[in-house]
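Have a look at the structure below before the remarks.
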Ligand SMILES: Cc1cc2nc3c(=O)[nH]c(=O)nc-3n(C[C@H](O)[C@H](O)[C@H](O)COP(=O)(O)O)c2cc1C
């Protein structure tokens with residue numbers, strides 16, 4: 001019964017076919033970024049956006065010490081970026097050496113190839129004891145070129161994440 005619930009739930013989540021983003025961070029010591037499927041606008045007034053970062057990820061540990069995060073909307077042209085940011089970890093490689101980027105507002109790494117991006121200032125952080133932590137952002141600068149279709153979950157379903165959710169240091173904010 002439990003297995004059936006999990007399978008049905010997974011099917012429901014797949015049917016949502018979420019648009020994929022890349023979240024970047026710079027804490028003044030390190031730069032980081034990863035592919036993210038858990039994200040949504042969560043308030044209209046005040047304007048807020050929420051992203052959930054895995055405690056397993058290098059990006060999570062950098063984001064904990066960063067005031068701002070960069071949110072990049074991916075399109076069907078951005079499969080290579082999705083693979084770079086979703087399959088490799090900043091624990092092993094410098095992803096920003098392998099793509100075009102510049103220091104944007106507040107030093108946040110901006111991936112110029114992307115059709116749209118915004119920078120959000122962190123307003124709150126929620127750890128519900130789960131494997132992902134919620135960062136609530138106030139958008140402070142946004143750019144849109146637009147034009148193309150979003151890169152969706154079904155387009156990247158074959159990727160193997162650089163870190164699995166349970167693959168995390170204890171405590172999770174441990175830095176090397
Ligand atoms: C389809 C897909 C969706 C993902 N969604 C998230 C997510 O919502 N949040 C997150 O923190 N990691 C997510 N990941 C995992 C990271 O992108 C991946 O583990 C990455 O290699 C971590 O890099 P880092 O250690 O440099 O931060 C996802 C990966 C894939 C392939």
_Flag for residue 118 being buried (at least 16 other Cβ atoms within 10 Å of the Cβ), under 16 Å from the mean Cα position of the chain (by Cα) and more than 20 Å from residue 17 (Cα to Cα)_ = yes
*Looking at 87, 141, which one is modelled with pLDDT of 95 or more, away from the ligand (no atom under 14 Å from the Cβ) and more than 14 Å from residue 23 (Cβ to Cβ)?*
141
*Search result, residues across segment 63-84 that are assigned to a helix (DSSP H, G or I) and more than 11 Å from the ligand (Cβ to nearest atom)*: 76, 77, 78, 79, 80, 81
*Subset of segment 1-42 [assigned to a strand (DSSP E or B) and without any contact (Cβ under 8 Å) to a residue 24 or more places away in the chain]*: 36, 40, 41
*Only residues that are assigned to a helix (DSSP H, G or I) and in contact with a helix residue (DSSP H, G or I) (Cβ under 8 Å, 6 or more places away or on another chain): list them for segment 93-109, please.*
95, 98
_Here are the criteria: (1) closer than 18 Å to residue 71 by Cβ; (2) within 16 Å of the ligand (Cβ to nearest atom); (3) touching a residue at least 40 places away in the same chain (Cβ under 8 Å). Tell me which single one residue 154 does not satisfy._
(1)
*Which listed residue, of 38, 60, is within 13 Å of the ligand (Cβ to nearest atom), closer than 26 Å to residue 148 by Cα and in contact with a strand residue (DSSP E or B) (Cβ under 9 Å, 6 or more places away or on another chain)*: 38
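The values are calculated or read from the model by the stated rules, or taken from the named source; none is laboratory data. Keep in mind that this is a model prediction, so the values were computed, not measured. Heads up, the Cβs are rebuilt from the backbone with ideal geometry, glycines too, and the neighbour counts pull from every protein chain shown.
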